[in-house]
Amino acid sequence: MFGFFSSNLITVVDGIAFGVLLFTIALGLSLVFGVMDVLSLAHGSLYLIGSYIAVSVSTAFTPTLGFFVLALVLAVALGSLAGAGLSFLTRPLASRGHLDQALLTLGVAFVVGDLLAQQYGREVRTVAPPSPFDGSVSVFGSTYPTYRLVIIAVGLALAIAAYLVIERTKMGALVQATVADAQMVRALGVNTGRLMTGVFAVGAALAAFGGVLGAPILNAAPGLDNRVLILGLVVVVIGGLGSVAGAFVGALVIGQVQTLGVSLAPSYAAFLTFGAMALVLLLRPAGILGKGRLA
Amino acid sequence: MTSDLGTSSRTDQAARPDTGPARGRAGRAPRLVLAAALLLALVAVPFVVPSDAANLLSRILAFALLAVSLDLLVGVGGMPSLGHAAPFGVGAYVAGITAKELTALAPVQLVAAAVAGAVFSALVGWLIVRVRGTYFLMLTLAVAELARTAADQWDQVTGGSNGLVGIPAIQVVPGGGPLLLAGFRYWYVLAVAALGFGLIVAISRSAFGRSLRGIRDNEDRMASLGYSTFRVKFTAFVLAGAFAGAAGSLWTVQSRFVSPADLGFNVSAMALLAVVIGGRGRLWGAILGAALVIFIRDEVGAQLGGRGPLLLGITFIAVVYLLPRGFAGLRLHRPGRKDPA
Amino acid sequence: MDIGLLVPQSGVYAPIGEDMEQGFRLCLDQAEGQLGGRDVNVVVADEGESPDTGVPAAQGLLEDGVSAVVGVVSSAVALGVQDAFTEAQVPLVVANAGANAITGPDVSDFVWRSSHRIEDVSGSIGAYVAEQVGEGSVFVIAPDYAAGREHAAAFRKTFEGAGGTVAGEVFTPFGQTENFQPFLSQIEQSGASAVYAFFGGSEAVSFARQYNSFGLSQNLPLFAAGFVTEGGELEALGQDAEGIQNVLHYSPQLDTPENQKFVEAYTAAYEEPPTVYSVQAYDACQSLDQALEVGTSGPEIVEGLEGIDTIPSPAGEWSYTDTHQASYTYYLREVQMQDGQPVNAIIRPLTEQ
């Protein structure tokens, strides 16, 4: 038993790195769904925009920490703008149900994907990790890239921050109340329009932030937007739509499924992610931490 | 524009069908004439245009049958599936394998594919129809992705990622020659697709269709009225799977090739978008939606130097804003007649 | 006369499609727009990423009445359309798709291939790797789809045939694997002394970079099918690719007068070095140039293809085998840095033509 753990410990660590990266995408997706009832299929595009910002910054400058932070700041700024834009685009469809929003946001995703491919080409683009973290360290006796430890640290900090904002601030309470019962919040005289735009902007900024953060390990290429989107959807569905803690738990679960799971059952690797999602949905249809809002 | 929306505040039912019993005979007659004229025009296609249009139309018709069967689920039954490519692909594989191993007789392949689509849907539907809304969407997506992966891995049967190749041309009657000409193939596809549309419309108008719509609009109420909502939804799921399987066999007739991509997310998403573009619950709208999607993707997109997805994306955005209720919203205005609320 | 060019212009294989189109058009421009002395009009169709777009695009070209079609990146598309081409009696010159079955023993009269066959690629390096690792063992890793499995099988056949030991083999989910850590960890634990890999596109880049950052490159030499370090992948990898020994039938570094002339003309036209994909399509065009001298009907073009003696390829002269397969010479290449740019230096031929 101990042998099993020691030989897989590094894989578990890597699963956490991957999981917290997924969390940056899933959190926005989940909040936007919870607050606005919008399943935004353009969320993967926001991630990819972030990755390409990292590409632009790292080709223009040397990959120092300062410029990496600059890329993060740019991504957050552009991401929030894009999110606010998406919120205006989807607003007129509020009464028309998920499928119309899916059609719209998928249309936006196609357009953005094409424009990015025109701008950056269809070849894979790589981003070097910021220079202080460009090497490897020894973790549990294995060589491990330092940058992935940075991802874990940043991702966990982000998760704690998100938790505090949602649980401890007035804004967070409003968001939670809107997830639970949007009509009630509106009836209380709250400007839900501003709240929704804000949540969409924050969610989009998070995805773009994740795009920069993930670029040094996942690169940037056309099609990555789709894969990230699908993983994000799997995470939020597993965790429970509209819940911060759910997105976090779901992200960690999928992170482990994609690393530890793959390592333990490589022949079934292709089935694992969707198998896990189907299993969770069948056992707990509202997700691991969902509150039973099924419809 | 008159509305048949009623005053419901629920969000997921924007396009309410008007195919219920309240519609009078008088309103139906011109529509039947229109449908008959359209059918005649479609039959005449191979006489008028070259074979490439017949092939394109065959693809459109097969995809349209898939879209209409999905509309039975989404529009009539309120079950938004993002995995309808699964029974479609299962049908396509079974039709292809039947053609290769058993017989070139198309009706046999058709029945085998429809049965396979139904059996597959029954196996997974038993669990899937218990969840609703977005969770239904995601669970169907997961099942379809698992099915696609299985098709990818099971290469002794499916040919794996290289696909199932060497499917012979179909025969329609025993001892008849293989249908190599696009025009004849098209007539077969048209006949089966028309039969399929007719059956789906009949199902949607039957007592069963009415209870399905009732469940879509208010499941709890229907349950309290004593309906087994599970049984009705499950039956609809299996029926939609059977028609999707039949559509898969038509797809194979035309392309004579099946690959795991036929069960993939793209096919599911395009079918769902065809339904939304057409206007949910208006079964004929899905046909137009399917035609538009296939035409843009295969015909225009292939000549745009890789900008096909851009055009598709712009089309989706435009449809959402300009046709809020899909093509079905573009009804000929008939003065003096109000739709029942 | 219309010639169809079926290459991916959208989706993940679009960069390969672009190189192919450039190679084809360079050959056509050099022939002043004529093949076999006839004016040619090129009709391009987008193959897309998978058969659900590629098969209709191929059928569309057939319906447009083209005299022959060149291209096809995906093996599934090539296998899916071969019957349609045979029935329409239109020749298809495959210029990238590598599946062994395309030019198998029962190849159609109308299907030809001016590009690699997977078995020839990974099969030609097996004996060399066996010799290099000696008493050690090799771990084989490839994406889990038909081409990946064919590469792995081809490598194992000649590698084990030469007395090599395989420490393990793993297939990664195709098109969904960005993180190779679990597989790299498995490789480390297997006790292998070297690795043989095949990947393409973004997976090739991720795999090779992570192979370095997880420290495997310090202990386990990486051998690969040359696609891992070709074209866009090589450019994206940069220094991360240095030292990877790989096998393929072309490199712009090939030191022959024909190739230098080709590289010069190609670089002048497109401001980037040619890739193996450009050459394969260039050679498809050269094949048609010879074949079209016989006539323009399908059977006449086939007769012309059958009559080809050799193709004066930038990769070295080659001819079609009895099963319509181009018989290239395969080279051992090694990625070296030249003026800060990674290049595939030719070490030596691995096969005789």
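Brief remarks on what is shown
- Cα-only radius of gyration and Dmax that characterise the range A:195-295, units Å: 14.6, 46
- Computed over the range A:2-283, relative contact order equals 40 percent, with contacts defined as Cα pairs under 8 Å that lie 6+ residues apart.
- Scattering curve values for the range A:2-283, log₁₀ I(q)/I(0), Debye with Cα scatterers, q = 0.08, 0.15 Å⁻¹: -0.33, -1.15
- The range C:201-353: relative contact order as a whole-number percent, Cα under 8 Å and 6+ apart: 24
- Look at the alpha carbon pairs under 8 Å that are at least 6 residues apart: their mean separation over the length of the range A:66-166 gives a relative contact order of 14 percent.
- 37 °C / 0.692 mPa s Stokes-Einstein diffusion coefficient of chain B, Kirkwood radius on C-alpha pairs, µm²/s: 161
- Neighbouring partner chain Cβ atoms per residue of A:215-225, average, 10 Å criterion: 5
- When the GluC sites (Glu not before Pro) in the range C:10-57 are filtered for DSSP coil states and for at most 11 other beta-carbon atoms within 10 Å of their beta-carbon, the remaining sites are C:GLU32.
- Kirkwood estimate for the protein assembly as shown, i.e. one over the average of 1/r between Cα atoms, Å: 29.3
- Top of C:PRO51, C:PRO342, C:PRO173 by mean-square fluctuation, Gaussian network on chain C, Cα under 10 Å: C:PRO173
- Approximate spin-label separation A:SER267-B:GLN156, in nm, with each point projected 7 Å along Cα-to-Cβ: 1.3
- Order of B:ARG280, B:ARG210, B:ARG256 under a 10 Å beta carbon neighbour criterion, fewest first: B:ARG210, B:ARG256, B:ARG280
- Partner aspartates and glutamates for A:LYS170 [C-alpha distance under 18 Å; skip if fewer than 8 residues away on the same chain]: A:ASP181
- Helix-only [θ]222 nm of chain C, DSSP H runs n ≥ 4, -39500 (n - 2.57) each, per residue, nearest 500: -12500 deg cm²/dmol
- Modelled label positions at C:GLN189 and A:SER95, each set 7 Å beyond Cα in the direction of Cβ, lie 5.8 nm from each other.
- Ascending count of other beta-carbon atoms within 10 Å, so fewest first, for B:ARG59, C:ARG156, B:ARG216: C:ARG156, B:ARG216, B:ARG59
- Helix runs (DSSP H) in chain A reaching 30 Å along axis by Cα, Kyte-Doolittle at least 1.6: A:2-36, A:65-90, A:146-168
- Equivalent ellipsoid of chain C: semi-axes from √(5λ) of the C-alpha gyration tensor, largest first, are 34, 20, 19 Å.
- Taking amide H as placed 1.01 Å from N in the peptide plane, C:ILE347 has its amide H under 5 Å from the amide H of C:LEU332, C:ARG333, C:GLU334, each at least 5 places away in sequence or on another chain.
- Remark on C:LEU35: its backbone amide H falls under 5 Å from those of C:VAL40, a criterion applied only to residues 5 or more positions apart or on other chains, H modelled at 1.01 Å from N.
- Per-selection metrics, the range B:137-193 (Cα): Rg and Dmax in Å: 16.6, 46
- For A:10-19, mean number of other protein chain Cβ atoms within 10 Å: 3
- GNM result for chain B, Cα springs below 10 Å: residue of B:ALA242, B:ALA290, B:ALA261 fluctuating most strongly: B:ALA261
- Size descriptors for the range C:58-164 (Cα atoms only): Rg and Dmax, in that order, 17.0, 58 Å.
- Computed from Cα positions, the angle between helix C:146-161 and the longest principal axis of chain C comes to roughly 60 degrees.
- Plainly put, the range C:224-338 has a radius of gyration that is 1.04 times its Kirkwood radius, both from alpha-carbon atoms, as the Rg/Rh ratio.
- Degrees between helix B:51-71 axis and first principal axis of chain B (Cα, 0 to 90, nearest 10): 50
- The slack between C:GLN132 and C:ARG38, meaning 0.36 nm per residue of separation minus the straight C-alpha distance, is 28.8 nm.
- The share of Cα pairs per 5 Å bin across the range C:290-342, counted from zero up to the longest distance, runs 4, 17, 17, 17, 13, 9, 7, 7, 6, 3, 0 percent.
- Under 12 Å from the Cα of C:LYS157 - aspartates and glutamates, other chains or at least 8 residues apart: C:GLU119, C:ASP120
- Calculated [θ] (222 nm, deg cm²/dmol) that DSSP helices of n ≥ 4 give over chain B, each run adding -39,500 (n - 2.57): -21500 deg cm²/dmol
- 0 to 90° range, to nearest 10: angle between helix C:276-291 axis and chain C longest Cα axis: 30
- Of all the options B:SER69, B:SER161, B:SER204, the one that moves most in a Gaussian network model of chain B with Cα springs shorter than 10 angstrom is B:SER161.
- Stokes-Einstein translational diffusion, the range B:200-341 - Kirkwood Rh over all Cα pairs, 0.692 mPa s, 37 °C, in µm²/s: 187
None of the figures in this text is laboratory data; all of them are computed from the coordinates on show. Values in this document were obtained by computation on a predicted structure and should not be read as measured data. Every residue, glycine among them, receives a Cβ derived from its backbone with ideal geometry; neighbour counts consider all protein chains shown.
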